[in-house]
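Following: one structure in structure tokens, then a few remarks.
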Amino acid sequence: MADQPEAESTDADALAPVTKDPSKKRWGRRFWTIVIAIVIGIVVYAYAFDTTGVNLDEIQDPTRQASLVRILRAVAHPDLLTYQAVESNFDAQFMSPCPPDGFTPEPAEDSGPQITITPTCVEPGGDVTITGSGFDGNRRGDILYIASSGVEIRLGDFQTDQNGDFTEVVGTRERASDEPQTIRAVTAVTVGSIFRWQRVATIDPGTGEETMVMSPRISDSAWDTWDKIIETVFLAFIATTIGTI
């Protein structure tokens, strides 16, 4: 008689319902969802390739590959900011043609960047050697001829070495004058950084007046791109609304 309650407990456990592991059910549902999504994606891409007539052989064309390289470079270095450049001018004088007594230009300042012209006088159209010193290292710039009217004529460019020096041979213009003529070296330095925005004075090319601009600032390309993004989003919204109705 003492063993009868234990037998009844065993019978009750045998009749209790067996519960399934809910985690296995969720895993199975997730698996089939992924499979269906992959199948739908394959169908959509296949339909898109068939409709648009995409030819993968055209991607191997050298012209298209060059275009793809330019596009990838533009994506890697987007034109989002415009930096204002501040120009610095450094002048030296020479005579053309040579006067009877020769020509000795005014001495340059002892400190700071400077250029010299050798020889100091030359026949119209002759070559002269421009030597620069005291510039920033590895800096590019332009060499200009300044006409008596003030017009700037580009003669060439230069790049300094690590010590800030350069030597370039340029040809002068056939502009004979009894007055000293000027050759100018122009360098430009960008102002500001992405972490330090500055206000810079510049000359408005349209009005010739001095204005203050921020450097860096949002570029025109960035504003145009943002306008097109907004336009595309609204067009998609309108098309979706019309399609729903």
| message | What's the number of the only condition in (1) modelled with pLDDT under 90; (2) under 30 Å from ARG199 (Cβ atoms); (3) open to solvent by 50 Å² or more (accessible area, probe 1.4 Å) that LEU81 fails to meet? | response | (3)
| field | Any hit, the range 59-70, residues being modelled with pLDDT of 70 or more and over 22 Å from the mean Cα position of the chain (by Cα) | value | yes
| Single residue of the range 174-216 satisfying the filter (open to solvent by 90 Å² or more (accessible area, probe 1.4 Å) and basic (Lys, Arg)) that is farthest from the chain's Cα centre (by Cα) | ARG175
| query | Exactly one of (1) exposed (fewer than 12 other Cβ atoms within 10 Å of the Cβ); (2) at positive phi; (3) modelled with pLDDT of 90 or more is unmet by GLY112. Its number? | reply | (3)
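Quick check on VAL54: is it over 30 Å from VAL170 (Cβ atoms), at pLDDT below 90, of a type in the set (A, V, I, L, M, F, W, C) and surrounded by fewer than 10 Cβ atoms within 10 Å (Cβ to Cβ)? Show your work before the answer.
On the way: over 30 Å from VAL170 (Cβ atoms): yes; at pLDDT below 90: yes; of a type in the set (A, V, I, L, M, F, W, C): yes; surrounded by fewer than 10 Cβ atoms within 10 Å (Cβ to Cβ): no.
So VAL54 does not fit the description; no.
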| Any hit, the range 91-102, residues being over 30 Å from ARG199 (Cβ atoms), free of Cβ contacts under 8 Å to residues at least 12 places away in the same chain and open to solvent by 60 Å² or more (accessible area, probe 1.4 Å) | yes
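Taking strands (runs of 3 or more DSSP E) that do not extend beyond the range 164-245, which have at least 2 residues that are farther than 25 Å from PRO113 by Cβ? Please lay out each step first, then the result.
Working: elements: 166-171, 177-190, 198-203, 210-215.
Counting at least 2 such residues, we get 177-190, 210-215.
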| said: Condition first: surrounded by 12 or more Cβ atoms within 10 Å (Cβ to Cβ) and β-branched (Val, Ile, Thr). Now tell me which residues in the range 217-235 satisfy that. | reply: ILE218, THR225
| the range 216-245 residues that are of a type in the set (A, V, I, L, M), paired with ones that are open to solvent by less than 90 Å² (accessible area, probe 1.4 Å) (beta carbon under 8 Å, 6 or more apart) | ILE218/LEU81; ILE218/THR82; ALA222/PRO78; ALA222/ASP79; ALA222/LEU81
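Scan the range 160-209 residue by residue and report those that are of a type in the set (S, T, N, Q) and either within 18 Å of ALA92 (Cα to Cα) or in contact (Cβ under 8 Å) with a residue 40 or more places away in the chain (or both). First the steps, then the outcome.
If we filter the range 160-209 for residues that are of a type in the set (S, T, N, Q), which is where we start, we get 160, 162-163, 167, 172, 177, 181-182, 187, 190, 193, 198, 202, 207.
Hits for the range 160-209 are THR160, THR167, THR172, SER177, GLN181, THR182, THR187, THR190, THR202.
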| request: Look at GLY41 and say whether it is more than 30 Å from SER133 (Cα to Cα), at pLDDT 70 or above and surrounded by 10 or more Cβ atoms within 10 Å (Cβ to Cβ). | output: yes
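The values are calculated or read from the model by the stated rules, or taken from the named source; none is laboratory data. Nothing here was measured: the structure is a model prediction, and the numbers come from that model. Note that each Cβ is placed from the backbone with ideal geometry, even for glycine, and that neighbours are counted across all protein chains shown. Only protein heavy atoms, including side chains, enter the accessible area calculation; ligands, DNA and RNA are left aside. Shrake-Rupley method; radii C 1.70, N 1.55, O 1.52, S 1.80 Å.
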